[in-house]
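Trainee: First the structure, then my questions, so here it is.
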Amino acid sequence: MDKKRAVLLVDMDYFYAACEELRRSDLKGKAVIVGADPKGGKGRGVVMTCNYLARKQGIKSAMPISIAYRINPDAAYLPADFPYYEEMSAKVMHVLRGFSEKVEQVSIDEAYVELTGAVGSLDEAAEYAERIKGKVRAETGLSCSVGVSFNKLMAKMASDAAKPDGIKLVRESEVSSFMGNMPLDKLYSVGDKTKARLESMNIKSIGGLAKANKMALLSEFGSIGIELRNYANGIDESALVENYEAKSIGRESTFEHDTSDQKEIEQELMKLSKEVAAEALKAGFAFKNITVKIRYSDFSEHLHSRGIKPSSGAEAIYSTARLLYLDSFERGRKLRKIGVRASGLMKYSGQSRLG
Ligand code: DCP
Ligand code: MG
Ligand code: MG
C-alpha cells in the first residue's frame, strides 16, 4: 500500500448502560448494570455491560450476574432493551456516514471510518475525530471513544486506549512504544489458547511477538504465526468491508433451571429464531449460515453450524436450528444455555424479501 491511510475506530462508551442513563435521570450517580435479572443473588445469566462506576467496583461484561450482585446488590439492574439500543446505534451510524462514504459497522456500538484521501495527515484525522465526537453527542447525547491510526488494527487498539470519552492517535513510528509492553491477549486475534502457546515459546508481550523468530512461529502456528507477528508490528492491510452493518446476529438465553426437556428447548429455539429473524429483517439482511450454541450444565460448550440458502425468515432459522440441535444434542444431558446465530449476512435492498 503506497498511500498513507487514515482510519478511525469509533466505539461507544459503556453502550447499553449509557443508553439507559440517557433516558432515566434516576440512575444518576448509581452503578448501572444491564444484563440478566439477579433475582436476589440467585439469578443466572451474565452482565452484558455496566457503567464506569460499576466497573470501578470490579463488575464487568460477561461476569455472572450472581457475582455482580454479590459485589453490589444496590446497583440498578436493568434488562436489555435491544430495539432501543438498535435505534440509538442507527443514529450513531448515520452520523458517521455523514463524515465518510466508507464506514464499516462491526458491532452494535462500533464502526471503522476510512478517511484516507479526505485528510492529509493523522493530525487532521484526529480533528475529524473531535468533530465526530461532538456530532455524536449532539445527535444522541452519548459519548464515544475514537482511535486514530494508519490501519484498522491500530485504530482498534488505539480506541481501547482512548476510553472513556477520548481520542488516541497512534502513528506508525509509535507502534512499539504504544503496545510493545502490552500483554499478548490485548492483540487482535490472540485469545487464551494462543497466548498460552506463545508463552510456551517464551514470548511474553506484544513486543516480544513483534521480534520473535519467524521460523519458530511458522512451525508452531503455520502461516497464522507470521500473521500474528505482523499484527504485533502494527501491520494490517485489510480494507473496510462496506454495507455490512453487523457480522452476525445472535441471541442466547440461559434456562431458569438446567433442562433436557425437548419441548422446552424447542420452544426456546423458536423464540430465539424469531428474535434473530426480526432483527435481520429490520436491518435488511438475509443470511446464509445458522449456528446453534449449546452449553451443558457442566459448562462445556458446543457449536454446530450449517449453511442454508439465503433467507431472512424465522422458519428457515428455526428449522435449521432444530436440526442442528437434534443432530448434536446428547440426549439426557441437561442444558444450561442455548443460543442461535445467523451469519454470512448479505444486505438486500428494496422491498423484496428473501426466503
Ligand atoms: N455486550 C454484551 N456482552 C458482552 C460484551 C458486550 O452484550 N460480553 C454488549 C453490551 C455493550 C455492547 O455490547 O454495551 C458494546 O460492547 P463493548 O465491548 O463496546 O462494551 P461497552 O460499550 O459496554 O463498554 P466500553 O466503554 O468498554 O466500550
Ligand atoms: Mg463500547
Ligand atoms: Mg464495542
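Trainee: Let's test the formula: R0 of 45 Å, r as the Cβ-Cβ distance of Ser260 and Glu130. What FRET efficiency results, to the nearest 0.05?
Mentor: On the way: r = 55 Å, r/R0 = 1.23.
Efficiency computed from Cβ-Cβ geometry: 0.25.
Trainee: When the Karplus curve 6.51 cos²θ - 1.76 cosθ + 1.60 is applied with θ = phi - 60°, which whole-Hz ³J(HN,Hα) does each residue of the stretch 98-113 get, with x for Gly and Pro?
Mentor: x, 9, 7, 6, 9, 10, 10, 7, 10, 7, 4, 10, 8, 7, 8, 10
Trainee: Could you work out how far helix 223-232 tilts from the main Cα principal axis of the chain, as a 0 to 90 degree angle to the nearest 10?
Mentor: That works out to roughly 60 degrees.
Trainee: What number comes out for the charge environment of Phe221, summing +1 per Lys or Arg and -1 per Asp or Glu over other residues with Cβ under 12 Å away? Before the final figure, lay out each step's value.
Mentor: Details: positive: Lys193, Arg197, Lys214, Arg229; negative: Glu220, Glu227.
Its environment carries a net charge of +2.
Trainee: Still on this model: Once the Cα atoms of helix 314-328 and of the chain are each reduced to a long axis, what angle between those two axes, in degrees from 0 to 90 to the nearest 10, is obtained?
Mentor: Tilt of helix 314-328: around 80 degrees.
Trainee: Then there's this: Using only protein heavy atoms and a 1.4 Å probe, report how much of Phe150 is accessible, in Å² to the nearest 10.
Mentor: Roll a 1.4 Å probe over it and Phe150 shows about 30 Å².
Trainee: I'd like the Karplus ³J(HN,Hα) series for the stretch 72-86: coefficients 6.51, -1.76, 1.60, θ = phi - 60°, whole numbers in Hz, and an x wherever there's a Gly or Pro.
Mentor: After applying 6.51 cos²θ - 1.76 cosθ + 1.60, I find 8, x, 8, 5, 7, 9, 10, x, 6, 10, 4, x, 5, 5, 4 Hz.
Trainee: Also: Gain in length, Arg197 to Ala239, computed as 0.36 nm per residue apart minus the alpha-carbon separation, to one decimal in nm?
Mentor: 12.2 nm
Trainee: Still on this structure: Quote the FRET efficiency, to the nearest 0.05, computed for Arg333 versus Phe82 with a Förster distance R0 of 30 Å and r equal to the Cβ-Cβ distance. Present the calculation step by step, with values, prior to reporting the outcome.
Mentor: On the way: r = 30 Å, r/R0 = 1.00.
Efficiency for this residue pair is about 0.50.
Trainee: Then there's this: Would you kindly give the portion of the calculated P(r) for the chain that falls above 38 Å, as a percent of all Cα pairs?
Mentor: Details: 14019 of 62835 pairs.
Summing the P(r) tail past 38 Å for the chain gives 22 percent.
Trainee: Now, a different point. Could you work out the local net charge near Gly307, counting Lys and Arg as +1, Asp and Glu as -1, over the other residues with Cβ closer than 15 Å to its Cβ?
Mentor: Values: positive: Lys288, Arg306, Lys309, Arg341; negative: Asp327.
Surrounding charge for Gly307 is +3.
Trainee: For the pair Lys56 and Lys186, how long in nm is the line joining their label points, each one 7 Å along Cα→Cβ?
Mentor: Between Lys56 and Lys186, the label points sit 2.3 nm apart.
Trainee: What net charge is computed for the residues neighbouring Ile203, neighbours being all others with C-beta under 13 Å from the C-beta of Ile203, Lys and Arg scored +1, Asp and Glu -1? All intermediate terms of the calculation are to be shown ahead of the outcome.
Mentor: Numbers: positive: Lys195, Arg197, Lys204, Lys211, Lys214, Arg229; negative: Asp185, Glu199, Glu220.
In short, +3.
Trainee: Tell me the label-point distance for the pair Glu301, Leu281, using the 7 Å Cα-to-Cβ offset, in nm and rounded to one decimal.
Mentor: Using points 7 Å along Cα→Cβ, the separation is 2.9 nm.
Trainee: Continuing with this model, one more query. Which sequence of Arg70, Arg336 reflects their accessible areas, 1.4 Å probe, from the largest down? Kindly include the intermediate steps, with their values, before the conclusion.
Mentor: Working: Arg70 180, Arg336 45 Å².
Result of the area sort, largest leading: Arg70, Arg336.
Trainee: Carbon and sulfur together cover what percent of the accessible area of the chain at a 1.4 Å probe radius?
Mentor: On the way: 8780 of 17700 Å².
Roughly 50 percent of what the probe reaches on the chain is carbon or sulfur.
Trainee: Roll a 1.4 Å probe over the protein heavy atoms and report the accessible area of Asp327 in Å², nearest 10.
Mentor: About 110 Å², rounded to the nearest 10.
Trainee: Let me ask something additional. Show Lys193, Lys133 ordered by accessible area, largest first, where the area counts protein heavy atoms only and the probe is 1.4 Å.
Mentor: Working: Lys193 170, Lys133 25 Å².
Largest to smallest exposure gives the sequence Lys193, Lys133.
Trainee: Ignoring everything but the protein chains, give the 1.4 Å probe accessible area of Arg24 in square angstrom, nearest 10.
Mentor: 80
Trainee: Any chance you could give the angle, 0 to 90 degrees and rounded to 10, that helix 152-162 forms with the longest Cα principal axis of the chain?
Mentor: Tilt of helix 152-162: around 80 degrees.
The values are calculated or read from the model by the stated rules, or taken from the named source; none is laboratory data. Since the structure is predicted, the reported quantities are computational estimates derived from the model, not experimental observations. Ideal geometry is used to build each Cβ from the backbone, glycine not excepted, and the neighbour counts take in all protein chains shown. Protein only, heavy atoms only, side chains kept; ligands, DNA and RNA dropped before computing areas. Shrake-Rupley method; radii C 1.70, N 1.55, O 1.52, S 1.80 Å.
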